[in-house]
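Structure, as structure tokens:
The values are calculated or read from the model by the stated rules, or taken from the named source; none is laboratory data. Fair warning: this is a prediction, and the values are worked out from it, not measured in the lab. In this analysis, Cβ positions are derived from the backbone assuming ideal geometry, glycine residues included, and neighbour counts consider all displayed protein chains. Note: accessible area is taken over every heavy atom of the protein model, side chains too, but ligands, DNA and RNA are not part of it. Shrake-Rupley method; radii C 1.70, N 1.55, O 1.52, S 1.80 Å.
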Amino acid sequence: MRNKLLNVLMLTCGLWMAIACRQAPVFVVKGTVTGAEGQTVYFENVGLSAVTLMDSVKLKSSGEFTFKKQRPEYPDFYRLRLKNQWINLAIDSTETVTVKADSANFATSYTVEGSDNCIVIKEITLAQLEANREYRQLRKDFEAKSIADTTYQRKSTEVIDRYKTLALKYIYGQPMSTAAYFALFQKIDGLLFFDPYNRTDSRAYGAVATSLSNRFPESPRAMQLTNVALQSLKVIRNEQLLDSNLIDTKEIDFLEIELPNVANQKIKLSEVSKGNVVILNFTAYQSEFSTQLNEILENIYARNHRKGLEIYQVSLDSDLHLWKNVALNFSWICVHDPQTVYSQAAALYNVKQLPAIFVFDRKGLIVKRIEDINGIESEISKLL
């Protein structure tokens, strides 16, 4: 009796394990490679620090292959390799990706279905390969002295810019996608297209880092990219501090700001503050706090404008169109700093995070830096 019970228990456990295995979330990469009979296709994981072989199959005359693996905890990168050619893939979840390729042009002539990210990655890969081909030819021509130095520099920049124009479409259009991450880290002649320590390129790293961190805060790739973006900002800010040493300085008692409004007219903070109590606000309309803050400011402005209150709101938004559309709804003074997060105006006021709010008295002197947006009106009521 006891043996029978043990057998039943073992059979039950076996059944549950079999069911669990069948229900484990998996992704599938399958397809065909023509003209590759007898050759081996390798399936590899492209990690942050190493490429790891996961599986392989020796192709028969049909050229068919199938790889089925447990889905990654976070979106990750893989590749199919045939000899010294490979096809880059990204897996987000439990998708089935189908690849059809030819052995002669395995890395460039393939088709892929079942994943939008993989389709975009193919487009980015082809653009990267073409840029490298053009760049190598330019360097060859330059070394042979068949083109001038200025021509070499100009055309090299054009090659890089063509790739970056394509990549930026996905970096800013789909910043949380694996395709955007992939586009950031492509190289030309061994160097990254996007320089982390270039002020403009730094924004691209920041955009993708922010999106990935919000969606997958524990992902190793998100953490790695965030570190790159933060290091980039640190270096750029240090350079800006060095640049400020080259500027002639004089003693001042007012930190002037002069920026354009929606009509592209430059407005000085000093002019606005003459005889008025002023709220100076550094903000970004695309931020989560923006709606609540502007509602508070709207109520304060409506009640106190006739008493001598002005609001000088500085937008650090990178999206100029968005800023204009929102700013047109307000009665106070809205200006935009084209330097966005690298704003020298914000640096003058030691702004390290948004929103930042300062209150000026009628003499143009800063009397308060507001930490709690709900306490704005009580502070200005003392001055009015």
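See the values below:
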| read-out | value |
| --- | --- |
| Selection count, segment 188-227, where residues are among the polar types (S, T, N, Q) and either open to solvent by 70 Å² or more (accessible area, probe 1.4 Å) or in contact with an Asp or Glu (Cβ under 9 Å, 6 or more places away or on another chain) (or both) | 6 |
| Complete set of residues in segment 141-155 that are of a type outside the set (Ser, Thr, Tyr) and either in a helix (DSSP H, G or I) or under 21 Å from Val228 (Cα atoms) (or both) | Asp141, Phe142, Glu143, Asp149, Gln153, Arg154, Lys155 |
| Tabulated pairs, segment 33-61, first in contact (Cβ under 8 Å) with a residue 40 or more places away in the chain, second surrounded by 13 or more Cβ atoms within 10 Å (Cβ to Cβ) and among the aromatic types (Phe, Trp, Tyr), C-beta under 6 angstrom, 6+ apart or interchain | Val41/Phe65; Val46/Phe77 |
| Scan of segment 156-185 for residues that are assigned to a helix (DSSP H, G or I) and open to solvent by 80 Å² or more (accessible area, probe 1.4 Å), ordered by number | Arg162, Thr165, Lys169, Tyr172 |
| Restricting segment 103-140 to residues that are assigned to a loop (DSSP other than H, G, I, E, B) and open to solvent by 30 Å² or more (accessible area, probe 1.4 Å), the residue that is nearest to Glu158 (Cα to Cα) | Thr108 |
| Among the residues listed as Val326, Val351, Val314, the single one being assigned to a strand (DSSP E or B) and β-branched (Val, Ile, Thr) | Val314 |
| Yes/no for Ser93 being out of contact with any helix residue (DSSP H, G or I) (no Cβ under 9 Å at 6 or more places or on another chain) and among the small types (Gly, Ala, Ser) | yes |
